[in-house]
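To keep things clear, I will list the structure first and then write my remarks on it.
The values are calculated or read from the model by the stated rules, or taken from the named source; none is laboratory data. Predicted model, so just to flag it, every value in this text is computed and none were measured. In this analysis, Cβ positions are derived from the backbone assuming ideal geometry, glycine residues included, and neighbour counts consider all displayed protein chains. Each accessible area value is taken on the protein alone, full model and side chains, heavy atoms only, with ligands, DNA and RNA left out. Shrake-Rupley method; radii C 1.70, N 1.55, O 1.52, S 1.80 Å.
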Amino acid sequence: MSHDTQNIMVILSSPSGAGKTTISKKIQQKYQNFKISVSHTTRKPRSNEVEGIDYYFIDKNDFEDKIKEKEFYEYAKIFGNYYGTSKKSVLDLLKNKNDVLFDIDWQGTQQLSKYKELNLLKIFILPPSKEELKKRLIQRNQDKPKVVEERLKAYDADSAHKQDYDFVVINDNLENCFKEVEKIILKKKSKK
Ligand code: ADP
Ligand code: 5GP
């Protein structure tokens, strides 16, 4: 991966529903230089999701063609759908001297970690409890009950991967969590 050392690349991962998308969006809003890496997925869009902003929504055949063409830095199958980070979208962000935010899972984090030249900062977000996570998944009201169940079931296995990350932050109160993530990022940037 061609890489300009001035950029930092922050990975936010968590069990589904813990709040990483909400936090990524808050960082992007406050810090214009941070851009979220837009992934490709074969998942169907939620009603509030916008093509090219939340994801590039493509079908399974197109995704598998892109795998064959080696268009992804990393990809994974999660809850029965493919998700992946295309080389092109990241390189475009780096070219424009942006800092990059990745909202990807632990499998993608392991794959990106192999690029030793990257200035990665890996943060894992946890909910205060599994009960609260369930509430958030239901309250998000975007996934069918079976999908919510599947995501809850993955909680223990997903959480076990917190050890792969530089920092673990609990998202209880959203503002406090955001401030903590912000502090970690600013410290890393000041050390660059
Ligand atoms: P993820 O991207 O990790 O799957 P989201 O960012 O979509 O999670 O958050 C899941 C739901 O929880 C959303 O409805 C979001 O508004 C809500 N949420 C996020 N953080 C908090 C919080 N600290 N307290 C209560 N609800 C939250
Ligand atoms: P959701 O369906 O809730 O948008 O995302 C499900 C999971 O896929 C989340 O853990 C999210 O971080 C992860 N994800 C989203 N995009 C990518 C990607 O490009 N690569 C990988 N490995 N995971 C992704």
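Looking only at segment 129-148, decide whether some residue is open to solvent by less than 20 Å² (accessible area, probe 1.4 Å), of a type in the set (D, E, K, R), free of Cβ contacts under 8 Å to residues at least 40 places away in the same chain and not in a loop (DSSP other than H, G, I, E, B).
Taking every residue of segment 129-148 in turn, none turns out to be open to solvent by less than 20 Å² (accessible area, probe 1.4 Å), of a type in the set (D, E, K, R), free of Cβ contacts under 8 Å to residues at least 40 places away in the same chain and not in a loop (DSSP other than H, G, I, E, B).
Determine if segment 81-99 includes at least one residue that is within 14 Å of ligand 2 (Cβ to nearest atom), free of Cβ contacts under 8 Å to residues at least 60 places away in the same chain and of a type in the set (Phe, Trp, Tyr).
yes
Name every residue in segment 83-103 that is buried (at least 16 other Cβ atoms within 10 Å of the Cβ) and in a loop (DSSP other than H, G, I, E, B), in order of residue number.
Residue satisfying the conditions is 98 alone.
Is there a residue in segment 6-22 that is hydrophobic (A, V, I, L, M, F, W, C), surrounded by 12 or more Cβ atoms within 10 Å (Cβ to Cβ) and away from ligand 1 (no atom under 16 Å from the Cβ)?
yes
Quick one: which residue in 15, 45 is within 11 Å of ligand 2 (Cβ to nearest atom) and without any contact (Cβ under 8 Å) to a residue 40 or more places away in the chain?
So the residue among 15, 45 that is within 11 Å of ligand 2 (Cβ to nearest atom) and without any contact (Cβ under 8 Å) to a residue 40 or more places away in the chain is 45.
Among what's in segment 23-36 and is more than 19 Å from residue 83 (Cβ to Cβ) and without any contact (Cβ under 8 Å) to a residue 12 or more places away in the chain, pick the residue that is nearest to ligand 1 (Cβ to nearest atom).
Looking at residues that are more than 19 Å from residue 83 (Cβ to Cβ) and without any contact (Cβ under 8 Å) to a residue 12 or more places away in the chain, I get 29.
Determine which single condition residue 106 fails, assuming it passes every other condition in (1) farther than 22 Å from residue 167 by Cβ; (2) of a type outside the set (Ser, Thr, Tyr); (3) open to solvent by 40 Å² or more (accessible area, probe 1.4 Å); (4) within 12 Å of ligand 2 (Cβ to nearest atom).
(1)
Being open to solvent by less than 50 Å² (accessible area, probe 1.4 Å) and of a type outside the set (Gly, Ala, Ser) is the filter here; which residues of segment 109-128 pass it?
Answer for segment 109-128, where residues must be open to solvent by less than 50 Å² (accessible area, probe 1.4 Å) and of a type outside the set (Gly, Ala, Ser): 109, 112, 118, 119, 120, 121, 122, 123, 124, 125, 126, 127.
Every residue in segment 23-78 that is assigned to a strand (DSSP E or B) and exposed (fewer than 14 other Cβ atoms within 10 Å of the Cβ), please.
51, 77
Every residue in segment 161-189 that is away from ligand 1 (no atom under 12 Å from the Cβ) and open to solvent by less than 30 Å² (accessible area, probe 1.4 Å), please.
165, 182, 184, 185
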